[in-house]
Amino acid sequence: MAEAVLVAGGAGFIGSHVSKLLHMKGYHPVVVDNFVRGHRWAVKWGSFVEGDLADTQQLMRVIRHHRIRAVMHFAAYAYVGESVAEPSMYYLNNVAGTLSLLEAMRDAGAERLIFSSSCTTYGEPRETPITEDHPQVPISPYGRSKLMVEQVLRDYEDAYGLRHVNLRYFNASGADPEGELGEVHDPETHLIPVVLDVALGRRPHVAVFGTDWNTPDGTCIRDYIHVSDLAEAHVLALEHLLAGGGSRSYNLSNGEGFSVLQVIEETRKITGRTVRAIEEPRRQGDPAALVGSSERIRRELGWEPRHPGLEAIIGSAWEWHRGFHT
Ligand code: UDP
């Protein structure tokens with residue numbers, strides 16, 4: 001029988017891509033999602049249960065029913081700006097929601113967790129590229145919510161033996177190269193989908209949040225990583241835990257940064273469309289530059305990004321985006 005894997009938040013951008021890959025690799029994804037940010041159309045593989053992280057009893061039943069040994073946890077809010085304005089949303093869902101999931105796992109005997117963490121846990125970088133040993137001093141409620149969970153997981157491992165892998169994503173982007181899935185958030189605030197909306201005439205312009213950062217062109221630099229590469233890393237982390245491997249934290253990044261203006265320019269090139277950009281003040285909670293080293297997961301689990309570079313990332317996102325209509 002196929003190994004069942006609970007995918008909390010499997011209707012979201014990254015969770016849905018991972019569910020597809022799990023299915024392709026012979027696992028049975030069991031998606032739990034409340035559709036607050038996820039999409040029904042994105043649930044196409046394995047089993048599905050509509051539910052909320054806060055419902056510990058329901059999660060327990062699902063884990064028992066499918067004899068689940070490993071859980072992947074994507075069910076979180078992930079907007080830096082929103083977290084500054086609405087911290088209670090972030091702590092309730094991202095922290096309290098995770099505690100509920102952990103209770104269900106403990107009670108039902110699922111002892112392995114792959115946790116979607118974030119480069120925002122590092123805060124303002126002291127050196128670049130950022131390694132996993134860099135101090136974690138987040139500067140937004142979103143980043144703090146992710147770090148809090150990492151700290152909880154450490155304590156749960158010591159006390160209850162919960163083995164876990166923290167995957168610290170840099171900027172998840174791109175879309176399924178087969179065109180079945182892509183990035184659609186409501187509201188959409190992520191740079192690449194916003195810029196693609198402008199290229200399609202669905203928005204009048206993109207606001208560039210700050211042009212006075214201490215970077216070569218004055219705009220923020222991020223390390224964009226293709227969602228299919230993220231998905232591969234989750235399966236490697238799962239195999240590591242199922243084979244008895246110990247708890248680890250890994251960066252998922254390409255090691256190369258691109259500025260907001262470079263993303264806009266590359267989008268103009270790929271789409272051949274006009275993209276109007278206007279300058280706006282800095283967005284609260286944003287560090288100037290985030291570029292990560294993923295040497296550790298490359299060395300230890302053999303992960304290798306197959307879609308590095310802006311062209312593959314924006315190109316696949318464009319193919320998806322232009323065909324998607326709400
Ligand atoms: N950004 C921007 N305009 C937008 C959206 C984002 O200038 O409409 C910038 C943002 O300040 C950050 C980068 O683009 O420096 C990536 O932001 P995004 O929200 O995509 O991801 P984050 O880095 O917050 O996870």
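Scan region 189-201 and give yes if some residue there is of a type in the set (A, V, I, L, M) and more than 14 Å from the ligand (Cβ to nearest atom), otherwise no. Within region 189-201, one or more residues are of a type in the set (A, V, I, L, M) and more than 14 Å from the ligand (Cβ to nearest atom).
Among the residues of region 76-110, just one is more than 16 Å from the ligand (Cβ to nearest atom), outside any helix (DSSP H, G or I) and touching a helix residue (DSSP H, G or I) at 6+ places or on another chain (Cβ under 7 Å), namely ALA110.
Kindly indicate whether any position in region 243-252 is without any contact (Cβ under 8 Å) to a residue 40 or more places away in the chain and surrounded by fewer than 20 Cβ atoms within 10 Å (Cβ to Cβ). The answer is yes; a qualifying residue exists. For region 261-291, which residues satisfy the criterion of being open to solvent by less than 50 Å² (accessible area, probe 1.4 Å) and in contact with a His (Cβ under 9 Å, 6 or more places away or on another chain)? Within region 261-291, VAL275, ALA277, ILE278 meet the criteria. Screening ARG296 against (1) near the ligand (Cβ under 10 Å from one of its atoms); (2) open to solvent by less than 80 Å² (accessible area, probe 1.4 Å); (3) touching a strand residue (DSSP E or B) at 6+ places or on another chain (Cβ under 9 Å) leaves a single unmet condition, (1). The residues of region 202-229 that are without any contact (Cβ under 8 Å) to a residue 60 or more places away in the chain, away from the ligand (no atom under 11 Å from the Cβ) and open to solvent by 20 Å² or more (accessible area, probe 1.4 Å), listed by number, are ARG202, PRO216, ASP217. The one condition from (1) open to solvent by 20 Å² or more (accessible area, probe 1.4 Å); (2) at pLDDT below 95 that HIS307 does not meet is (2).
Could you say whether any residue in region 37-50 is assigned to a helix (DSSP H, G or I), under 25 Å from GLY245 (Cβ atoms) and not hydrophobic (A, V, I, L, M, F, W, C)? Spell out the reasoning first.
If we filter region 37-50 for residues that are assigned to a helix (DSSP H, G or I), which is where we start, we get 40-42.
Then drop every residue that is not under 25 Å from GLY245 (Cβ atoms), which leaves none.
Within region 37-50, none of the residues are assigned to a helix (DSSP H, G or I), under 25 Å from GLY245 (Cβ atoms) and not hydrophobic (A, V, I, L, M, F, W, C).
Residue-level check: of (1) of a type in the set (A, V, I, L, M, F, W, C); (2) open to solvent by 50 Å² or more (accessible area, probe 1.4 Å); (3) touching a strand residue (DSSP E or B) at 6+ places or on another chain (Cβ under 6 Å), VAL195 misses just (2).
Checking the condition in contact with a strand residue (DSSP E or B) (Cβ under 7 Å, 6 or more places away or on another chain), open to solvent by 20 Å² or more (accessible area, probe 1.4 Å) and modelled with pLDDT of 95 or more, which residue from ALA108, ALA172 passes?
Working: ALA108 fails: in contact with a strand residue (DSSP E or B) (Cβ under 7 Å, 6 or more places away or on another chain).
The match here is ALA172.
Residues in region 137-154 that are touching a strand residue (DSSP E or B) at 6+ places or on another chain (Cβ under 7 Å) and surrounded by 17 or more Cβ atoms within 10 Å (Cβ to Cβ): PRO138, ILE139, GLY143, LYS146, VAL149, GLU150, LEU153.
There is no residue in region 46-68 that is open to solvent by less than 20 Å² (accessible area, probe 1.4 Å), within 15 Å of the chain's Cα centre (by Cα) and either within 16 Å of the ligand (Cβ to nearest atom) or more than 19 Å from TYR169 (Cβ to Cβ) (or both). THR121 meets each of the listed conditions (1) free of Cβ contacts under 8 Å to residues at least 60 places away in the same chain; (2) more than 16 Å from the ligand (Cβ to nearest atom) apart from (2).
Please tell me if ARG273 is assigned to a helix (DSSP H, G or I) and charged (D, E, K, R). Taking the combined requirement at face value, the residue does not satisfy it.
The values are calculated or read from the model by the stated rules, or taken from the named source; none is laboratory data. Fair warning: this is a prediction, and the values are worked out from it, not measured in the lab. Don't worry about glycine lacking a Cβ; one is built from the backbone with ideal geometry, like all the others, and counts go over all protein chains shown. These area figures cover heavy atoms from the full protein model, side chains too; ligands, DNA and RNA do not enter into them. Shrake-Rupley method; radii C 1.70, N 1.55, O 1.52, S 1.80 Å.
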